[in-house]
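Asker: Below are the structure tokens for one structure; questions will follow.
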Amino acid sequence: TYAVPMIIGEIKKFLRDDGIVKVQRGLKETYGKIRWAQEKLRGNLGREPGIAEIASLLEIEKEEIVLAMEACQSPAYMQDVIPGEEKEQLSLIDKLANEDGNVSMLEQMALREALAKLEEREREVLLRRYFKDETQMVIAEDLGVSQVQVSRIEKAALIKLKNLLE
């Protein structure tokens, strides 16, 4: 009947497309060929084959092989322990912290995104006050407003920024 092929097709589609990150079918098929070629070459060569050797066997461009291999890798989770770090058992999120440990890359990214959501004038005031260490008076002169107005803009921007980062 009509239902059987449809159900089988949906099951195959689910199994094929299963995963957190959706990858194009063509890349998945290429990755399957790459895995086959790796096994074959590993048996013939007695070592792990290189990209050029796989490309030669499959008659596929090296770039396409790298693209398929990267696309089909499992995603790295922030809490995963990084292999080879036996001493400290660092996770990826720990590794993203700066050497001084004060501000992590994740916090920097969040701050950039939040700053981008502010109005232009608010962003300019905050950047000049906190990253360029300019006084409110200097900023006020450049913007053509009073120091009190710059203070109000700064305060409002900090409140918005705090809300965006929470």
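Asker: Exactly one condition in (1) within 25 Å of L27 (Cα to Cα); (2) modelled with pLDDT of 90 or more is not met by Q73; state its number.
Answerer: Just one mismatch for Q73, condition (2).
Asker: Let me ask something additional. What number of residues within the stretch 30-56 satisfy the criterion of being of a type in the set (S, T, N, Q) and touching a residue at least 24 places away in the same chain (Cβ under 8 Å)?
Answerer: Counting residues in the stretch 30-56 that are of a type in the set (S, T, N, Q) and touching a residue at least 24 places away in the same chain (Cβ under 8 Å) gives 1.
Asker: Which one of these is closer than 30 Å to Q38 by Cβ, in a helix (DSSP H, G or I) and either modelled with pLDDT of 85 or more or of a type in the set (V, I, T) (or both): E154, E63?
Answerer: Going through E154, E63 in turn, just one is closer than 30 Å to Q38 by Cβ, in a helix (DSSP H, G or I) and either modelled with pLDDT of 85 or more or of a type in the set (V, I, T) (or both): E63.
Asker: Could we say that V125 is among the aliphatic types (A, V, I, L, M), under 22 Å from K162 (Cβ atoms) and modelled with pLDDT under 90 here? Show your work before the answer.
Answerer: Numbers: among the aliphatic types (A, V, I, L, M): yes; under 22 Å from K162 (Cβ atoms): yes; modelled with pLDDT under 90: no.
Considered against the rule, which asks whether it is among the aliphatic types (A, V, I, L, M), under 22 Å from K162 (Cβ atoms) and modelled with pLDDT under 90, V125 comes out as no.
The values are calculated or read from the model by the stated rules, or taken from the named source; none is laboratory data. As the structure is a computational prediction, the values presented were derived from the model and not from experiment. So basically every Cβ, Gly included, is an ideal-geometry build from the backbone, and we count neighbours across all protein chains shown.
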